[in-house]
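Accompanying notes for the structure given below.
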Amino acid sequence: TSPTSGTEPVLIRLDVDSKLSDQIKLSFFHLRVDDKPALLLHLLRNVVKPQEQTVVFAATKHHVEYLKELLSSEGLECAYIYSALDQTARKINIGKFVHRKAMVLLVTDVAARGIDIALLDNVINYNFPSKAKLFLHRVGRVGRAGRSGTAYSLICPDEMPYVYDLYLFLGRPVQFASPEHTQEGVFGRVPQRILDDESAHVITSHENSLDLQNLLRVSENAYKQYLKSRPNPSHVTALHFLVKCTIFEINSSSKTPASEVMRAKRSKDTRLVDKFSKQREDRAAESRLQQPINPTTTADCDITEKEESDLNVSMGEVLFLSFLPASLNGLHELLAEIQRFLQHLYF
């Protein structure tokens, strides 16, 4: 600021978009996409307190319409807003949520931009955002004015790379939950018994409502279109997503027999795997050193594409004909030779 302007200098923080409030608790649940409605019902019924207000973010307006119908059929009063909603309906639904007539608000990202609710308790990411800053804008609605809040994220397999994008953006390591884990912000899965109980209610609701079945089908088609327009995750995320362990080793502290067997096998085979990898690298390096360098001349490069194609076809025919037996006896001899080779290889 100019010293003659008469105003005090202002400190502007440029790293606000990459920080989360310490008052916000994060929870990440890994599950199949078909189990998301069941987990949403469980969270709203058993985890979120009745006096707390919750905003649920969905990918498209069709998801909002489907979830609104599902929650209403299960006796959960909710309001909903999306960009195509007319102004009158928008005001009515916002009024229901602000005046606490409905404790759940279903929204899309576009529709939520013009909504400012000061005292919000929970945010549920029914569909995980494709950008880390969008996640911060969603969950930043809770934990304001010194209040604590919770952000629940429902993660299906195709959304996992975006979770890694978020952790890379925040500069935090991904922490997987274990049975004795008491910290917040860990990544884990939902017990199957919980999903089974709620899934039974979801199936019953669909069987009793044709509207719910139609809305589900429309939302599934909309999700396919959403996947086509969703930005791709970063290349670093794609590399990090391929974990170097088996499914039995995901929970490193598990005491199940399968995990103990896999840990014992990995500790036994690690030395052999490292030895094989080193030998393969040594052979590759040695072959590169021994490969002769033949300078190419202009005459060597005068083969046209047609001649090269004809050469490949001729070589293929020669190789194919060389493996054909001249008679039926030759076929028996060939099969016997293959059988002897396999016996020698495996036994």
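The values are calculated or read from the model by the stated rules, or taken from the named source; none is laboratory data. Quantities reported herein were computed from a predicted structural model and do not represent experimental measurements. Please note: Cβ atoms are built from the backbone with ideal geometry, for glycine as well, and neighbour counts cover all protein chains shown.
So, in region 159-187, exactly how many residues are loosely packed, with under 12 Cβ neighbours inside 10 Å and either at pLDDT 85 or above or not acidic (Asp, Glu) (or both)? Residues in region 159-187 being loosely packed, with under 12 Cβ neighbours inside 10 Å and either at pLDDT 85 or above or not acidic (Asp, Glu) (or both): 5 in total. All conditions but one from (1) surrounded by 20 or more Cβ atoms within 10 Å (Cβ to Cβ); (2) within 20 Å of residue 35 (Cβ to Cβ) apply to residue 142; the one that does not is (2).
In the set (1) in a helix (DSSP H, G or I); (2) surrounded by fewer than 17 Cβ atoms within 10 Å (Cβ to Cβ); (3) not polar (S, T, N, Q), the condition left unmet by residue 50 is number (1).
Does region 58-70 include one or more residues that are of a type in the set (A, V, I, L, M, F, W, C) and surrounded by fewer than 21 Cβ atoms within 10 Å (Cβ to Cβ)?
The answer is no; no qualifying residue exists.
For region 71-84: of the residues being touching a helix residue (DSSP H, G or I) at 6+ places or on another chain (Cβ under 8 Å) and in a helix (DSSP H, G or I), which is surrounded by the most Cβ atoms within 10 Å (Cβ to Cβ)? Residue satisfying both the conditions and the ranking: 71. Kindly check whether there is at least one residue in region 188-211 that is modelled with pLDDT of 85 or more, assigned to a helix (DSSP H, G or I), surrounded by 16 or more Cβ atoms within 10 Å (Cβ to Cβ) and in contact with a Phe, Trp or Tyr (Cβ under 8 Å, 6 or more places away or on another chain). Checking region 188-211: not a single residue is modelled with pLDDT of 85 or more, assigned to a helix (DSSP H, G or I), surrounded by 16 or more Cβ atoms within 10 Å (Cβ to Cβ) and in contact with a Phe, Trp or Tyr (Cβ under 8 Å, 6 or more places away or on another chain).
Among the residues of region 256-266, are any farther than 30 Å from residue 132 by Cβ, among the hydroxyl-bearing types (Ser, Thr, Tyr) and either modelled with pLDDT under 80 or surrounded by fewer than 12 Cβ atoms within 10 Å (Cβ to Cβ) (or both)? Spell out the reasoning first.
Keep residues of region 256-266 that are farther than 30 Å from residue 132 by Cβ, which gives 256-266.
Remaining after also requiring among the hydroxyl-bearing types (Ser, Thr, Tyr): 256, 259.
Narrowing further to those that are either modelled with pLDDT under 80 or surrounded by fewer than 12 Cβ atoms within 10 Å (Cβ to Cβ) (or both): 256, 259.
Checking region 256-266: at least one residue is farther than 30 Å from residue 132 by Cβ, among the hydroxyl-bearing types (Ser, Thr, Tyr) and either modelled with pLDDT under 80 or surrounded by fewer than 12 Cβ atoms within 10 Å (Cβ to Cβ) (or both).
Taken over region 81-130, the criterion of being among the aromatic types (Phe, Trp, Tyr) and over 14 Å from residue 59 (Cβ atoms) is satisfied by 97 alone.
The number of residues in region 150-167 being in a helix (DSSP H, G or I) and touching a residue at least 60 places away in the same chain (Cβ under 8 Å) comes to 8.
Exactly one residue out of 289, 242, 272 is surrounded by fewer than 10 Cβ atoms within 10 Å (Cβ to Cβ) and either at positive phi or at pLDDT 80 or above (or both), and it is 272.
Within region 85-101, identify whether any single residue is of a type in the set (Gly, Ala, Ser) and either part of a loop (DSSP other than H, G, I, E, B) or surrounded by 15 or more Cβ atoms within 10 Å (Cβ to Cβ) (or both), and answer yes or no. Working first, answer last.
Within region 85-101, the subset of a type in the set (Gly, Ala, Ser) is 89, 95.
Cutting the leftovers down to either part of a loop (DSSP other than H, G, I, E, B) or surrounded by 15 or more Cβ atoms within 10 Å (Cβ to Cβ) (or both) gives us none.
Checked against the condition, which is being of a type in the set (Gly, Ala, Ser) and either part of a loop (DSSP other than H, G, I, E, B) or surrounded by 15 or more Cβ atoms within 10 Å (Cβ to Cβ) (or both), region 85-101 yields no hits at all.
Would you confirm whether or not region 102-116 contains a residue that is surrounded by fewer than 22 Cβ atoms within 10 Å (Cβ to Cβ) and under 18 Å from residue 45 (Cα atoms)? Within region 102-116, one or more residues are surrounded by fewer than 22 Cβ atoms within 10 Å (Cβ to Cβ) and under 18 Å from residue 45 (Cα atoms).
Conditions tested, residue by residue: (1) touching a residue at least 40 places away in the same chain (Cβ under 8 Å); (2) more than 16 Å from residue 66 (Cα to Cα); (3) more than 27 Å from the chain's Cα centre (by Cα).
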residue	(1), (2), (3)
89	no, yes, yes
94	no, yes, yes
98	no, yes, yes
103	yes, yes, yes
110	no, yes, no
120	yes, yes, no
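Across region 127-149, the number of residues qualifying as in contact (Cβ under 8 Å) with a residue 60 or more places away in the chain, within 18 Å of residue 40 (Cα to Cα) and either touching a helix residue (DSSP H, G or I) at 6+ places or on another chain (Cβ under 6 Å) or polar (S, T, N, Q) (or both) comes to 2.
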